[in-house]
Every structure is written in C-alpha cells, then in structure tokens.
Amino acid sequence: MKILLHTPHAEDAPAWVASLQSAQPSAHVRLWSPGDTADADYAVLWRPPAELFARRGKLRAMFVLGAGVDALLALERREPGTLPAGVPLVRLEDAGMAEQMAQYAIHAALRYLRRFDEYDLVRREHGGDAPWRTLEPHPRESFHIGVLGLGMLGAHVAKSLASLGFSVRGYSRGMKTIEGVDTFAGASQLPAFLDGLKLVVNLLPSTPDTDGILNRDLFARLAHGAYLVNLARGAHLVEADLIDALDAGRLAAATLDVFAQEPLPPEHPFWRMPRVTITPHISALTLRDPAARQIARKIEALERGEAIGGIVDIRRGY
C-alpha cells in the first residue's frame, strides 16, 4: 500500500511521515514533491497544489489533515476537474480537536461574562494608576450564548457550554437535538436563533452559502453590546462590518482566531483595536499521532470494504 503525504509546513513533514508510518506499518509513506506522479493508493493532504492531483485516478481515498475542507473545495471551484472524480474526500473527525475548541470557547465566554477583558483594558490604559474598582459581572441568566454550526465540533462546544450552566442555543442547516441546548435550523429560524444573543460562537463550515454570514445584519439582531467569537474561517466575517459595529458600540468586543488573510498582515486595523483579541488559528490544533491513527483505522476499514465516517458531501461543502 502506498500513501502520499502533502503538507506545506516543511518542518513538520518528517514527523507526519513517521506518525503515518507508525500507524500503518505495512504501508509505504512518501512525501510528495513537485514532479511526483507515481502511483499512490491513498493521499493525506493539507492545502495541496493542483499539480499533486495530476494522473491520480487510481486513488482510493483522499484524507484531509483537518476538520475543514474549504481550501480543497475552493481549489476545485477555481480549477474544475482538479480533484479526481469519484474518489472519496475524508475529513478528520475530532482527533482531539473538539475538546480544544470547547476549552477556547469556554475561556472566551467566562472572560466576557466576568468582564476580565475590561479589567485588562483598564490595566493596559492606566498601568499602576489604574482605578481600583469592581465591574459588575453580566447576569448569567441573560448571558445567552449561540453556537453557529452543530457539526462534530460545534455540538461538543454547545454541550460543554451548557454543562456549565449557560443558556445555549445551537443553529445548523438541518434540525438536530442536543441535550441542554435549544436548537434552531434553516434560514427561516436564523432570526429567532440570533434574537437577543449576548455571545455568538461561529463554527460553521465555510461554503459559498455561509461565507460573509457574520455581517451587519446579523450583528443588528444580537443583544446590544454582544460579543463575537469566530473559530471557523475568516471568510465568514465581513471585517468592515465588525469594525463598524465595534466603533458604534453595537458589539462590545470580539475574539478572532481566523482571518481572511493568514498570517494577519501587520498593517491590519485589528492589531490596533483594543476590543479585538487575536490568536493565530490555534483554537483546535491537529494532533499528529491521534490523527494518523484515525486515518490508519479508516484506511483499514476501506480495505475491508467497510463504510467510514467523515466523507465529505462535495456538493454541500462539508
């Protein structure tokens, strides 16, 4: 069995080869390089170039080293026919990412609930001369949190927040049932989902239908002085609308882990906005060994002719 690996991070490539080889000892794992058109049975990919797919019709499956497949599908939209027809595209299912995402969302929710962000602003503005005063925490009963997207990651985040006693709503394309979470589905229920939310956590898949969904119309439906946490993709956010909402006080603050351009350019206004918290796309890192083991289990299942989870509906985009 031949496994072809591509990652744009050259420093991580040898470790990925070793992890995949350890998880699938009988396979031959090789790192793709330009000009490599040799046969492969399976491909393990992160942001590959179109050239990699030339003459890859014999692939049995393509595995993506993450939960999101938007980069590959964007490549296919730009260059139709790039992805080999009929070859399953498989995303990672959790592999340690859901718990990381929940930790990030919980941290942001508690930080805003208790107004720790405002204490930090006062300290930064005044230093040792900062006024010694208490800020009244937001009432928990009116601190309604909404999770946009109830896939594997979003559902776990929603359940984790609800387990801490937060009032949590969840929104998805199709109706889902999650214990302790009020769920909404479809475009017709989006306004009711958003109405009066104090904090929105975005975990939607990035598709042509969802890109730009975090915009002025959405912000206008939230509680005044609401908070935004974007953990999905930068394409979801209309950045100018967020800047306007923060400047006007419509939103109180935002925590952003993803951006339209990454790394975020040093001249970007977000860097200079004290109400915007920035992290460098680290809310849920791919854990190498668990991911390699998951991919190996799925390859073994496919070799036995068994069904596997995580196959992407390319038409829907997730």
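The values are calculated or read from the model by the stated rules, or taken from the named source; none is laboratory data. Note that the coordinates shown come from a computational prediction; the quantities given were computed from them, not determined experimentally. Reconstructed Cβ throughout: ideal geometry from the backbone, glycine too, with neighbour counts over all protein chains shown.
Checked against (1) modelled with pLDDT of 95 or more; (2) part of a loop (DSSP other than H, G, I, E, B); (3) surrounded by fewer than 16 Cβ atoms within 10 Å (Cβ to Cβ), residue 271 passes all but condition (2). Within the range 263-318, the set of residues being in contact with a Phe, Trp or Tyr (Cβ under 7 Å, 6 or more places away or on another chain) and polar (S, T, N, Q) comprises just one member, 283.
Conditions tested, residue by residue: (1) within 23 Å of the chain's Cα centre (by Cα); (2) on the phi < 0 side of the Ramachandran plot; (3) acidic (Asp, Glu).
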| site | (1), (2), (3) |
| --- | --- |
| 155 | yes, yes, no |
| 164 | yes, yes, no |
| 182 | yes, yes, yes |
| 186 | yes, no, no |
| 192 | no, yes, no |
| 220 | no, yes, no |
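Of all residues in the range 223-244, which are crowded, with 23+ Cβ neighbours inside 10 Å and within 19 Å of residue 112 (Cβ to Cβ)? The answer is 226, 227, 228, 229, 230, 231, 232, 237, 242.
Of all the listed residues (72, 59, 92, 83), the sole one being assigned to a loop (DSSP other than H, G, I, E, B), surrounded by 17 or more Cβ atoms within 10 Å (Cβ to Cβ), in contact with a Pro (Cβ under 8 Å, 6 or more places away or on another chain) and of a type in the set (A, V, I, L, M) is 59. Taken over the range 180-207, the criterion of being in a loop (DSSP other than H, G, I, E, B) and either under 17 Å from residue 151 (Cβ atoms) or touching a Cys at 6+ places or on another chain (Cβ under 7 Å) (or both) is satisfied by 186, 203, 204, 205, 206, 207.
Report the residue count in the range 145-169 for those that are touching a Gly at 6+ places or on another chain (Cβ under 6 Å) and under 20 Å from residue 226 (Cα atoms). Residues flagged as touching a Gly at 6+ places or on another chain (Cβ under 6 Å) and under 20 Å from residue 226 (Cα atoms) within the range 145-169 amount to 4.
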